[in-house]
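A short write-up of the structure that comes next.
The values are calculated or read from the model by the stated rules, or taken from the named source; none is laboratory data. Note that this is a predicted model, so its numbers are computed, not measured. Virtual Cβ from ideal backbone geometry, glycine too; neighbours counted across all protein chains shown.
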Amino acid sequence: MDPSLNISETATCTTCTFSEDFSNYWTAVLFFRHRNGSFHRVPLMANLGLEKQRGGMTVYYTAPYDKKTKVTAFKPVSLRYLFTYFASPCRQRPILAFPPV
Amino acid sequence: MTKGFRMLIGDPAYRNPSPNTEEFKSIAFRCFTEPWGPAPANSEIGGSWDTRNFPNKPCPYGLRVNNFFPTCWDGVNVDSPDHKSHVAYPSEGNFATQWECPST
């Protein structure tokens, strides 16, 4: 993904629950491997209370509760975070996520 | 903060959860063996109901993966060569309990 490409600014739609939010969140998909070697995609479930959407993920941006920690907001169009997990010798799944505009 | 902030969590080679490592703090798994309902007491995300390794038993009501991102920033760098060194987790507690950042 080209770092100069700013999807958050050019997107015209969103699947986020809040229609004002043009974020792009990509979530990992888990595959189960059968003994015969074939892969089966494990379905994604929506969170409790959000069953109208088909899968996806829930993202929390939490603020400090301690009343003293200083918070600096990241510039909305530029935050990118990437995480990988469920790696196996044969497969690794990177996820790219962009913040709300 | 200037543009271009990036951070990375996770390690594809992470296998053995050991407390106080960055990888330990970044992920928690919840294996649901009962239907969903109101959250029982003391079952908060990242707490004792979670495991830090992928469940090794059936989870008929679902598997939840929680990823926690560092909440502390060095105040200067929007990125670093490993995409991790410019941010940090609080030295103790989890995202819900402890916000004090290490003095880096």
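All of (1) closer than 30 Å to B:PRO102 by Cα; (2) among the β-branched types (Val, Ile, Thr); (3) within 19 Å of the chain's Cα centre (by Cα) hold for A:VAL71 with one exception: (3). Residues of the range B:67-81 that are within 12 Å of another protein chain (Cβ to nearest Cβ) and out of contact with any Gly (no Cβ under 6 Å at 6 or more places or on another chain): B:ASN67, B:PHE68, B:PHE69, B:PRO70, B:THR71, B:CYS72, B:TRP73, B:ASP74, B:GLY75, B:VAL76, B:ASP79. Which count do you get for residues in the range B:9-25 that are polar (S, T, N, Q), over 25 Å from B:PRO58 (Cβ atoms) and either exposed (fewer than 13 other Cβ atoms within 10 Å of the Cβ) or touching a residue at least 60 places away in the same chain (Cβ under 8 Å) (or both)? Final tally of qualifying residues: 2.
Scanning the range A:27-56 for residues being in a strand (DSSP E or B) and surrounded by 10 or more Cβ atoms within 10 Å (Cβ to Cβ) gives a total of 4. Looking only at the range B:33-43, residues that are surrounded by fewer than 10 Cβ atoms within 10 Å (Cβ to Cβ), more than 9 Å from chain A (Cβ to nearest Cβ) and small (Gly, Ala, Ser) come to 1 in all.
One residue is enough: does the range A:3-22 have a residue meeting the conditions closer than 28 Å to B:ALA13 by Cβ and modelled with pLDDT under 70? There is at least one residue in the range A:3-22 that is closer than 28 Å to B:ALA13 by Cβ and modelled with pLDDT under 70.
Return yes or no: is B:ARG30 buried (at least 18 other Cβ atoms within 10 Å of the Cβ), modelled with pLDDT of 85 or more and in contact with a Pro (Cβ under 8 Å, 6 or more places away or on another chain)? Before you say what the answer is, go through the steps one by one.
Working: buried (at least 18 other Cβ atoms within 10 Å of the Cβ): yes; modelled with pLDDT of 85 or more: yes; in contact with a Pro (Cβ under 8 Å, 6 or more places away or on another chain): no.
The answer is no for B:ARG30.
Condition first: surrounded by fewer than 13 Cβ atoms within 10 Å (Cβ to Cβ), closer than 19 Å to A:TYR65 by Cβ, of a type in the set (D, E, K, R) and more than 9 Å from chain A (Cβ to nearest Cβ). Can you find one or more residues in the range B:87-99 that meet it? Within the range B:87-99, one or more residues are surrounded by fewer than 13 Cβ atoms within 10 Å (Cβ to Cβ), closer than 19 Å to A:TYR65 by Cβ, of a type in the set (D, E, K, R) and more than 9 Å from chain A (Cβ to nearest Cβ). Contact annotation: no residue pair with Cβ atoms under 6 Å, 6 or more positions apart or on different chains, pairs a residue in the range A:35-49 that is under 16 Å from B:CYS59 (Cα atoms) with a partner that is of a type in the set (A, V, I, L, M) and at pLDDT 85 or above. In this structure, B:ARG6 does satisfy being within 13 Å of another protein chain (Cβ to nearest Cβ) and surrounded by 17 or more Cβ atoms within 10 Å (Cβ to Cβ).
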